[in-house]
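Chemist: I'd like to ask some things about the structure below.
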Amino acid sequence: MVSAALKQGQITPTELYQKCLSLIKKTKFLNAYITVSEDVALKQAEDSEKRYKKGHSLGDLDGIPIAVKDNFSTSGIETTCASNMLKGYVPPYNATVVQKLLDQGAILMGKTNLDEFAMGSGSTDGVFGPVKNPWSYSKQYREKRKQKPHGEKEDSNWLITGGSSGGSAAAVAAFTCFAALGSDTGGSTRNPAAHCGVVGFKPSYGLVSRHGLIPLVNSMDVPGILTRCVDDAALVLGVLAGHDPKDSTTVQDPVKPFTLPTLTDVSKLCIGIPKVTLPFYYFTEMLSS
């Protein structure tokens with residue numbers, strides 16, 4: 001829907017960037033970001049706006065704010081893996097998945113917090129401190145716990161985001177970006193997605209390039225996708241998937257575009273279920289329950 005709004009001129013990439021940047025600053029207490037690439041993102045937003053004015057949009061991701069877990073290499077932007085060991089390290093190149101998103105006109109808002117070197121399940125073990133779940137500060141949760149509204153000095157009874165891609169999950173859940181990259185070795189994208197109420201997807205090993213992802217376990221690491229709906233995850237996957245000559249483990253055959261049915265007929269899944277057509281997201285929830 002945001003992509004459609006950009007195409008229809010209801011909002012500009014620069015305005016969208018400014019809205020997300022404002023939310024990043026307002027939700028700084030979540031500690032979702034290690035680095036906010038404010039100047040870089042502004043330049044990318046301005047370039048995207050020029051393309052839209054000329055009618056030369058690069059695609060559905062053009063002008064869309066994204067975030068990247070801080071274990072993916074980003075050219076000219078510090079990459080720390082939430083560790084003092086890499087403090088001050090600025091890669092000279094982008095990870096393949098990052099470059100693919102930028103090539104589509106995505107706006108990189110910043111690098112997100114994680115467990116140190118992606119080894120953890122709570123996003124509490126990095127040197128920059130824990131990531132706090134945005135739902136900790138929801139009205140419903142506060143009323144349930146009979147707590148006062150969030151204040152600047154309040155620092156108790158917050159919920160974890162899960163890990164190790166907790167920063168990316170919190171960034172998406174807090175509306176500071178519309179998609180984020182995580183990494184998934186044994187659940188590090190899916191776990192925080194479940195904690196934060198967003199979509200987390202781990203592609204099959206080899207479908208997406210690992211080049212530029214600082215490894216935890218080479219034979220298991222996969223770049224993950226975090227979004228707020230399944231359609232957005234499929235869209236991002238379609239951009240990222242495919243062979244990369246810089247990663248010998250990626251698929252060799254061409255990857256077909258990913259499409260999702262808007263309606264799914266589940267009438268034949270089990271005897272006794274009445275014929276009914278359900279939205280795709282409801283269908284996936286049924287299968288996982």
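Chemist: Could you state the accessible area per residue of the chain in Å², with a 1.4 Å probe and every protein chain left in place?
Modeler: Each residue of the chain exposes 50 Å² on average to a 1.4 Å probe.
Chemist: Further question on the same structure: Determine, for each peptide in 25-33, 188-196, 134-142, the mean count of other beta carbons within 10 angstrom over its residues, then list the peptides with the highest first.
Modeler: With the highest mean Cβ count within 10 Å placed first, the list reads 188-196, 25-33, 134-142.
Chemist: What area, in nm² and to one decimal, does the C-alpha convex hull of the chain cast on average over all directions?
Modeler: 17.4
Chemist: Give the percent of DSSP beta bridges with both residues in segment 12-166 that are antiparallel, rounded to the nearest 5.
Modeler: The answer is about 50 percent antiparallel.
Chemist: Amide H to amide H under 5 Å from Thr112: which residues, 5+ apart in sequence or cross-chain, H placed 1.01 Å off N in plane?
Modeler: Result for Thr112 returns Ile34, Val68, Lys69, Asp70.
Chemist: Would you calculate a helix-derived [θ] at 222 nm for the chain, using -39,500 (n - 2.57) for each DSSP H run of n ≥ 4 and dividing by the full residue count, to the nearest 500?
Modeler: One gets -8500 deg cm²/dmol as the mean residue ellipticity at 222 nm.
Chemist: What's the ranking of 224-233, 158-167 by average number of surrounding C-beta atoms within 10 Å, highest first?
Modeler: With the highest mean Cβ count within 10 Å placed first, the list reads 158-167, 224-233.
Chemist: Then there's this: Quick one: work out the % antiparallel among DSSP beta bridges in the chain, nearest 5.
Modeler: In the chain, approximately 70 percent of DSSP beta bridges are antiparallel ones.
Chemist: Give, rounded to the nearest 20 debye, the magnitude of the charge dipole that the chain has about its Cα centre when Lys and Arg contribute +1 at Cβ and Asp and Glu contribute -1 at Cβ.
Modeler: The dipole of the chain has a size of about 780 debye.
Chemist: Now, a different point. Summarise the accessible area of segment 2-263 (1.4 Å probe, protein heavy atoms) by the percent that is carbon and sulfur.
Modeler: 55
Chemist: Along the charge dipole of segment 1-86, Cβ charges K/R +1 and D/E -1, which of Ala4, Ser57, Gln44 sits furthest on the positive end?
Modeler: Of the options given, the answer is Ala4.
Chemist: Moving to a separate point now. Using a 1.4 angstrom probe with every protein chain in place, what is the largest-first accessible-area order of Met119, Met220?
Modeler: Order by accessible area, largest first: Met119, Met220.
The values are calculated or read from the model by the stated rules, or taken from the named source; none is laboratory data. These numbers were taken from a predicted model, which means no experiment stands behind them. Don't worry about glycine lacking a Cβ; one is built from the backbone with ideal geometry, like all the others, and counts go over all protein chains shown. For the accessible areas, the whole protein counts, side chains as well, though only heavy atoms, and no ligand, DNA or RNA atoms are used. Shrake-Rupley method; radii C 1.70, N 1.55, O 1.52, S 1.80 Å.
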